[in-house]
Amino acid sequence: MTDKGKTTAPVSSVGADEEQSFADNNSITDNAEKSNDYFDEWQREMLRTMDPSYLRTVSMSELYDTVYRSKPPLIDGLLYPGTYLFVGAPKLGKSFFMAQLAYHISTGLPLWDYPVRKGAVLYLALEDDYRRLQERLFRMFGTDSAENLHFAISASQLGNGLDKQLQGFIAKYPDTRLIIIDTLQKVREVGGDKFSYANDYEIITRLKQATDSYGICLLLVRHTRKQQSDDKFDMISGTNGLLGAADGAWLLQKEKRTSNSATLDISGRDQQDQRLYLTRDMERLIWRLEKAETELWKEPPDPVIETVAAIVTAENPNWSGTPTELVGTLGLDIPPNVLTKRLNVNAGRLQNEYGVRYENDRTHGGRVIKLVLDGETA
């Protein structure tokens with residue numbers, strides 16, 4: 001499955017604040033005409049794809065006219081939906097870090113000073129047993145358990161059932177945000193050319209299909225090589241195909257194995273590179289943040305976005321109207337089509353920063369914009 005953007009003409013659903021009568025002939029007619037339009041376009045697209053020379057393209061104008069599904073971060077500034085590698089030397093504390101990460105996301109508690117979005121977590125602790133997990137978690141968190149943090153100590157391999165197991169878990173727990181596989185080597189297929197660039201790239205690509213489709217994060221635990229490198233991420237065990245296909249990587253390192261201090265280097269497609277300095281609490285075995293090497297860049301305020309977000313409040317959580325009506329409500333000197341494109345591009349920002357869901361639908365009578373306060377901010 002692949003993640004497809006939400007088009008500007010989705011089938012509009014009726015919200016809890018709207019009433020719809022089955023005797024409303026105009027609504028039935030409009031919906032029927034929209035359905036016919038969609039079916040005709042689908043047929044045309046299917047015929048085009050049957051032509052071997054056909055290449056589907058999207059124009060810049062079409063990009064601006066489309067509202068793509070927002071993928072808010074799991075941890076602001078640190079972890080985003082996608083497929084990530086978590087890399088470190090053996091016996092360095094990677095599994096304790098994974099448990100800490102899983103606990104904070106499953107409870108919604110901030111990790112250090114970083115806001116967290118709560119969701120279900122699946123942790124495949126494939127190098128542990130349940131007794132060891134129980135002792136580790138009790139030492140780290142005491143009796144403060146998390147109901148939606150789930151563990152498994154065995155799983156199928158890639159190409160032999162793992163995909164269906166992960167899909168089944170997500171179907172059972174639709175609020176899943178994070179899946180951890182500790183370690184990647186435990187689920188790799190037996191046999192074949194394991195260490196070629198093509199094979200490593202193909203493994204990550206297959207895993208990405210599920211994460212991209214469901215908008216979740218998948219963390220794959222991996223060991224480092226023994227030899228050093230000028231580029232720290234070249235120390236990931238395996239070929240460059242792993243990092244090349246992944247959305248990002250976290251690299252945990254110590255200068256001395258006996259030290260309680262470590263650095264965490266983070267690199268990803270949707271975030272700036274950064275380094276965190278950590279120390280390990282030897283009583284609870286959790287990692288604490290000492291400092292961040294660089295301050296995270298923040299997108300400057302956008303007065304237009306702020307004005308739009310202010311329309312919906314706890315007292316009036318819904319707004320619906322045409323782009324022209326929205327311009328009039330805002331009192332802005334801006335063409336309606338320009339405002340619409342600006343909001344299409346910033347739909348994710350409205351959702352992530354202000355908890356406002358933005359929809360732009362094409363109906364029989366023209367475009368309709370909907371703003372809904374749903375509070376999905378960290």
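Looking only at residues of the stretch 317-337 that are among the small types (Gly, Ala, Ser) and either exposed (fewer than 15 other Cβ atoms within 10 Å of the Cβ) or under 26 Å from the mean Cα position of the chain (by Cα) (or both), we find that the one that is nearest to ARG362 (Cα to Cα) is GLY328.
To keep it simple, each residue is scored yes or no on (1) touching a residue at least 12 places away in the same chain (Cβ under 8 Å); (2) surrounded by fewer than 19 Cβ atoms within 10 Å (Cβ to Cβ); (3) out of contact with any Lys or Arg (no Cβ under 9 Å at 6 or more places or on another chain).
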position: LEU339; (1), (2), (3): yes, no, yes
position: ALA347; (1), (2), (3): yes, no, no
position: GLN351; (1), (2), (3): yes, no, no
position: GLY355; (1), (2), (3): yes, yes, yes
position: TYR358; (1), (2), (3): yes, no, no
position: GLY365; (1), (2), (3): yes, yes, yes
position: VAL368; (1), (2), (3): yes, yes, no
position: ASP374; (1), (2), (3): yes, yes, no
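Filtering GLU299, GLU306 for residues that are among the charged types (D, E, K, R), out of contact with any strand residue (DSSP E or B) (no Cβ under 8 Å at 6 or more places or on another chain), modelled with pLDDT of 90 or more and over 24 Å from LYS94 (Cα atoms) leaves a single hit, GLU306.
Of all residue pairs spaced 6 or more apart or on separate chains, those with beta-carbon atoms under 6 Å, a first member in the stretch 274-285 that is under 13 Å from TRP112 (Cβ atoms) and modelled with pLDDT of 95 or more and a second member that is of a type in the set (Phe, Trp, Tyr) and assigned to a strand (DSSP E or B) are LEU278/TRP287. Scanning the stretch 118-142 for residues that are within 25 Å of ASP163 (Cβ to Cβ), surrounded by fewer than 22 Cβ atoms within 10 Å (Cβ to Cβ) and either among the polar types (S, T, N, Q) or in contact with a Leu (Cβ under 8 Å, 6 or more places away or on another chain) (or both) returns a single hit, GLY119. Checking the stated criteria, GLY142 turns out not to satisfy the condition of being at pLDDT below 95, small (Gly, Ala, Ser) and within 26 Å of LYS186 (Cα to Cα).
Taken over the stretch 138-168, the residue count meeting the criterion of being part of a helix (DSSP H, G or I), over 14 Å from ILE180 (Cβ atoms) and either among the hydrophobic types (A, V, I, L, M, F, W, C) or touching a helix residue (DSSP H, G or I) at 6+ places or on another chain (Cβ under 8 Å) (or both) is 5.
Among the residues in the stretch 21-41, are any modelled with pLDDT of 85 or more, out of contact with any His (no Cβ under 8 Å at 6 or more places or on another chain) and not hydroxyl-bearing (Ser, Thr, Tyr)?
Checked the stretch 21-41: no residue is modelled with pLDDT of 85 or more, out of contact with any His (no Cβ under 8 Å at 6 or more places or on another chain) and not hydroxyl-bearing (Ser, Thr, Tyr).
Here is a list: SER61, SER70. Which entry is of a type in the set (Gly, Ala, Ser), part of a loop (DSSP other than H, G, I, E, B) and either touching a residue at least 12 places away in the same chain (Cβ under 8 Å) or assigned by TED's automatic domain parsing to the domain that holds GLU353 (or both)? Result: SER70 is the single residue among SER61, SER70 that is of a type in the set (Gly, Ala, Ser), part of a loop (DSSP other than H, G, I, E, B) and either touching a residue at least 12 places away in the same chain (Cβ under 8 Å) or assigned by TED's automatic domain parsing to the domain that holds GLU353 (or both).
Please enumerate the residues belonging to the stretch 246-265 that are surrounded by fewer than 19 Cβ atoms within 10 Å (Cβ to Cβ), under 27 Å from the mean Cα position of the chain (by Cα) and in contact (Cβ under 8 Å) with a residue 24 or more places away in the chain.
Hits for the stretch 246-265 are GLN253, ASP265.
Only a single criterion out of (1) within 18 Å of the chain's Cα centre (by Cα); (2) modelled with pLDDT of 90 or more; (3) of a type in the set (Gly, Ala, Ser) is not satisfied by SER156, namely (1).
From the list ARG48, ARG69, ARG44, the lone residue that is within 22 Å of GLN351 (Cα to Cα), at pLDDT below 90 and out of contact with any His (no Cβ under 7 Å at 6 or more places or on another chain) is ARG69. Kindly list the number of the only condition in (1) at pLDDT 75 or above; (2) basic (Lys, Arg); (3) out of contact with any helix residue (DSSP H, G or I) (no Cβ under 6 Å at 6 or more places or on another chain) that fails for LYS194. (1) is the only condition that LYS194 fails.
Across the stretch 41-91, the qualifying residues are those that are within 30 Å of LEU296 (Cβ to Cβ) and of a type in the set (Lys, Arg), and the one among them that is surrounded by the most Cβ atoms within 10 Å (Cβ to Cβ) is LYS71.
The values are calculated or read from the model by the stated rules, or taken from the named source; none is laboratory data. Everything numeric here is computed off the predicted structure, so don't read it as measured data. We place every Cβ from the backbone using ideal geometry, glycine too, and count neighbours over all the protein chains shown.
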